[in-house]
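Undergrad: Shown below is the structure under consideration.
The values are calculated or read from the model by the stated rules, or taken from the named source; none is laboratory data. Note that the structure is predicted; figures quoted are calculated from it, not measured. Using ideal geometry, Cβ is built from the backbone for each residue, glycine included, and neighbour counts are taken over all protein chains shown. We work out accessible area using only protein heavy atoms, side chains counted, and drop any ligands, DNA or RNA first. Shrake-Rupley method; radii C 1.70, N 1.55, O 1.52, S 1.80 Å.
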Amino acid sequence: VQLVESGGGLVQSGGSLRLSCTASGLTFSRYHMAWIRQAPGKGRELVAVISWSGTVIDYADSAKGRFTISRDNAKNTVTLQMNSLKPEDTAVYYCAADENWAVITTPEANYWGQGTQVTVSS
C-alpha cells in the first residue's frame, strides 16, 4: 500500500493550498480516508475525514468553514482544499486510510503517506 501526498508549500496567511493524495496497492473505494496533521512539538490532529462513498464527511473544529475534503474513487485520490490559511495551520499533513470508520476518525489509521509540509507565514 502506498499513499503519496502532494501540494504542500509555503503560503501567506489568508492564502490557499490544495493537497492531493494518490493511493495504490489497495481497493481505494473500500477505504475511509483522512487528512491528519502534526505541528512541531505537538501531537497528531485529525483535520478531515471522508467515508469510502464520500457521503459522510467530518472536520475538526479548526478546519470547519475553511477546509474541504473530497475524493475521486475512479482516480484513487483524496484532496484537501484549504482556504483562509492561518499560521497555526503550519504542520506536516498526512493522508491516511483505514477500512474501519471508528479508527479513521482517530489519528491511528492503518496506512499513512509520507506527509507534505504546509507552512503559513504571518
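Undergrad: Expressed in nm to one decimal, what extension gain is obtained for the pair R66 and Q114 from 0.36 nm per residue of sequence separation less their Cα-Cα distance?
TA: Roughly 14.9 nm would be gained on extension.
Undergrad: So, one more: Any chance you could look up the accessible area of E108 with a 1.4 Å probe, heavy atoms only, rounded to 10 Å²?
TA: Estimated to the nearest 10 Å², E108 gives 120 Å².
Undergrad: Placing unit charges on C-beta atoms (Lys and Arg positive, Asp and Glu negative, everything else neutral), compute the dipole magnitude of the chain about its Cα centre in debye, rounded to 20. Don't skip to the answer; put the middle values down first.
TA: Values: 10 positive and 10 negative charges, 46 e Å.
Roughly 220 debye, rounded to the nearest 20.
Undergrad: Moving on. How much accessible area does Y94 have with a 1.4 Å probe, in Å² rounded to the nearest 10?
TA: Looks like 50 Å² after rounding.
Undergrad: Enumerate the lysines that K42 could reach by cross-link, defined here as Cα to Cα under 24 Å, with residues fewer than 8 away along the same chain left out.
TA: Counting by Cα, and skipping residues close in sequence, K42 has these lysines nearby: K64, K86.
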